[in-house]
Structures are given as C-alpha cells and as structure tokens.
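The values are calculated or read from the model by the stated rules, or taken from the named source; none is laboratory data. Keep in mind that what you see is a predicted model, and the values were worked out from it rather than measured. Virtual Cβ from ideal backbone geometry, glycine too; neighbours counted across all protein chains shown.
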Amino acid sequence: MSDKKKESQPFLPKIVRRFQKTLSSFINAIAEAITSSVHIPEIAIGPIIGSLITAITTLIIGLVTISNIFSEQFLYRPLQIQDNNANYTLELARYQQTILTDYLNHATQLTLDYPLWKLQQNPYLLRSLTQTVLKEIDGERKRYIIMFLKDSFFLNSPSQEPPSLLKEADLTEANLSKLDLTASNFSGSNLSKANLSHTNFHKSNLKNANLNNANLTNADLRGANLSKIEATNTNFTNACYDVFTQFDSNFDPIKANMQQIDSFSNCPYIKDVSENSNKKSTKN
C-alpha cells in the first residue's frame with residue numbers, strides 16, 4: 001500500500017521538494033565555505049544566507065520571466081498570427097460578398113424602375129456603381145457581375161457612342177472562363193491576369209483593352225475588335241479568329257499560336273495544361 005501511495009503522488013510537488021533540498025544543500029555548502037575560509041561572526045551568517053536566498057530567488061524569477069517571453073514570441077506568436085490571418089480572410093470574404101449582394105439588388109431595382117433603352121443610352125449611374133464595386137471584389141465575384149450585365153443586355157455593343165459601361169473597369173484576375181460574351185463591349189477594360197479561356201468573344205469589342213498576362217486559350221475571337229490592345233505575356237494559344245477579326249498591323253496572330261478558321265465554323269477545342277493536371281489529380 002505504501003508503494004502505491006508513493007507512485008500516486010503528483011509529479012510537480014516531487015520536483016518542488018527536490019529543488020528545495022538542492023537549494024538547501026547549496027546554501028549550507030556556501031555557508032560552510034564562507035565560515036571556513038573567512039572569519040564571520042555567527043550573528044552575520046543569517047543575514048548573508050538571507051541575501052543569498054533573495055538573490056537566487058530573483059535569478060529564478062528572471063529566468064522564468066525570460067522563458068515566458070520566449071514562449072510567447074517564438075512559440076505562441078506564430079499561432080496568433082495564423083489565427084489573425086484566418087480571421088482577416090474570413091472577414092474580407094464576408095465584406096466582398098456583402099458588396100456583391102448589395103450591388104445585384106440595387107442594379108436589379110434600377111432595371112425595374114427604368115426601361116432598358118433608357119439605361120443603355122444613359123449608363124452613367126450604373127457605370128459608376130459597377131466600376132466602384134469591381135475594385136472591391138475578387139476575380140470570382142467579378143464573374144457574377146459580368147454575367148448579370150450580359151444577361152440584362154447592358155454589355156451589347158452599341159451602334160451609337162455612349163461611354164462603354166466597362167471602360168477602364170477593373171477586371172483584373174476576373175474569372176470569365178467559358179462565358180458566352182458574344183457582341184459584348186469591353187473596350188478600354190482592364191482584363192490583365194484574367195482567365196478568359198474558352199470564352200466566346202464573337203463580334204465583341206476589345207479595343208484598347210488591357211490583356212497583359214491574360215489567358216485566352218481556346219477563346220472565340222471571330223469578328224472581334226482587338227485593335228490597340230495591350231498584350232504582354234498574353235496566352236492566345238489555339239484562340240480562333242477569322243477574316244473579320246481586327247488586329248493592329250504589328251500583331252501577328254500566327255506567332256501568337258492562334259488559328260484562323262472560317263467565319264461559320266466552330267472553334268476547334270484543345271485541352272490546356274490546367275485541365276490535364278486536374279484530370280490527373282482526380283484520378284489519383
């Protein structure tokens with residue numbers, strides 16, 4: 001029974017008792033060394049030992065404090081930073097979703113309050129609202145704004161010259177892949193780093209658009225206006241065009257790996273690298 005009681009004693013008190021014994025032995029050794037080497041009155045030994053205890057205690061407290069600071073800065077701090085980053089990402093997603101929802105509600109109300117022809121001829125209110133929201137949201141949410149504008153016939157290329165709804169609009173990194181944007185007006189838009197693969201731009205106006213670092217693989221550019229575009233590091237692989245597609249004189253569609261087809265033919269489809277990698281990952 002006595003052995004079991006000894007084994008069940010908490011581990012921490014054992015350490016404390018051992019430390020007390022060690023400290024007591026250390027102090028006694030110091031006291032003996034002092035009294036044997038130096039003649040000190042017995043009445044002064046007590047204060048000296050007390051001072052030693054105070055100094056050692058202060059040293060221990062200092063070491064514990066340093067240990068706590070080290071743990072907080074180097075062990076717990078990275079975890080706090082990760083939590084803060086996760087909270088920031090979550091709050092940012094909520095903020096962007098709120099902005100998108102408010103925009104769709106407000107824009108829908110405009111279509112109910114005014115006839116379509118009036119909004120198309122005077123797009124200033126919707127233009128300012130749209131471009132303000134586009135600057136605040138990410139590429140995936142920009143996709144839904146373009147879908148709404150296209151389905152509401154606000155992106156149709158006008159015969160007259162009102163300002164384009166998306167002129168100088170921030171569509172950077174927008175995911176517009178596989179959308180049917182036939183006869184849409186993107187003149188002057190900033191589509192840099194956008195995903196435009198398999199997008200149908202048949203007869204669309206992309207004049208003065210910024211397409212730097214954009215992905216237009218397999219895009220349908222038949223009859224599209226691509227004059228005065230910015231196209232640094234733009235991927236046009238297998239994008240199709242016809243005799244009606246407008247290019248600048250210094251742009252060579254053959255060097256850009258584009259292919260010319262008949263105006264009434266469908267664009268041939270090739271698999272890009274991302275699709276092949278996605279299929280491999282799903283099989284594994």
Helices (runs of 4 or more DSSP H) completely within segment 107-151 that count 3 or more residues being of a type in the set (D, E, K, R) and surrounded by 15 or more Cβ atoms within 10 Å (Cβ to Cβ): 139-151
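With respect to Lys228, is the statement that it is charged (D, E, K, R) and over 20 Å from Lys150 (Cα atoms) true?
Values: charged (D, E, K, R): yes; over 20 Å from Lys150 (Cα atoms): yes.
When the stated conditions are applied, Lys228 passes them.
Of all residues being in a strand (DSSP E or B), within 14 Å of Asn200 (Cβ to Cβ) and in contact (Cβ under 8 Å) with a residue 24 or more places away in the chain in segment 212-268, which is farthest from the chain's Cα centre (by Cα)? Just the residue, please. Spell out the reasoning first.
Restricting attention to segment 212-268, the residues satisfying the condition of being in a strand (DSSP E or B) are 215, 220, 225, 230, 235, 240-241, 246, 259-260.
Imposing the further condition that a residue be within 14 Å of Asn200 (Cβ to Cβ) reduces the set to 220, 240-241.
When the remaining residues are screened for being in contact (Cβ under 8 Å) with a residue 24 or more places away in the chain, the result is 220, 240.
Numbers: Asp220: 30, Cys240: 32 Å.
Looking at residues that are in a strand (DSSP E or B), within 14 Å of Asn200 (Cβ to Cβ) and in contact (Cβ under 8 Å) with a residue 24 or more places away in the chain, I get Cys240.
Taking only segment 115-143 into account, find how many residues are basic (Lys, Arg) and closer than 16 Å to Asn156 by Cα.
Residues of segment 115-143 basic (Lys, Arg): 118, 127, 135, 141-143.
Checking the rest, the ones that are also closer than 16 Å to Asn156 by Cα come to 118, 127.
Total meeting the criteria: 2.
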Matching option when the condition is closer than 27 Å to Lys135 by Cα and at pLDDT 95 or above, among Asn185, Asn233: Asn233
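Within segment 104-116, identify whether any single residue is under 22 Å from Ser204 (Cα atoms) and either over 24 Å from the mean Cα position of the chain (by Cα) or modelled with pLDDT of 95 or more (or both), and answer yes or no. Explain how you work it out, then say what you get.
As a first pass, look at segment 104-116 and keep what is under 22 Å from Ser204 (Cα atoms): 116.
Among the residues that remain, those that are also either over 24 Å from the mean Cα position of the chain (by Cα) or modelled with pLDDT of 95 or more (or both) are: 116.
The answer is yes; a qualifying residue exists.
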Residue, nearest to Asp242 (Cα to Cα), within segment 185-207, restricted to residues that are surrounded by 20 or more Cβ atoms within 10 Å (Cβ to Cβ) and touching a Lys or Arg at 6+ places or on another chain (Cβ under 6 Å): His202
Single residue of Lys142, Lys203, Lys207 found to be under 24 Å from the mean Cα position of the chain (by Cα) and either without any contact (Cβ under 8 Å) to a residue 24 or more places away in the chain or assigned by TED's automatic domain parsing to the domain that holds Glu230 (or both): Lys142
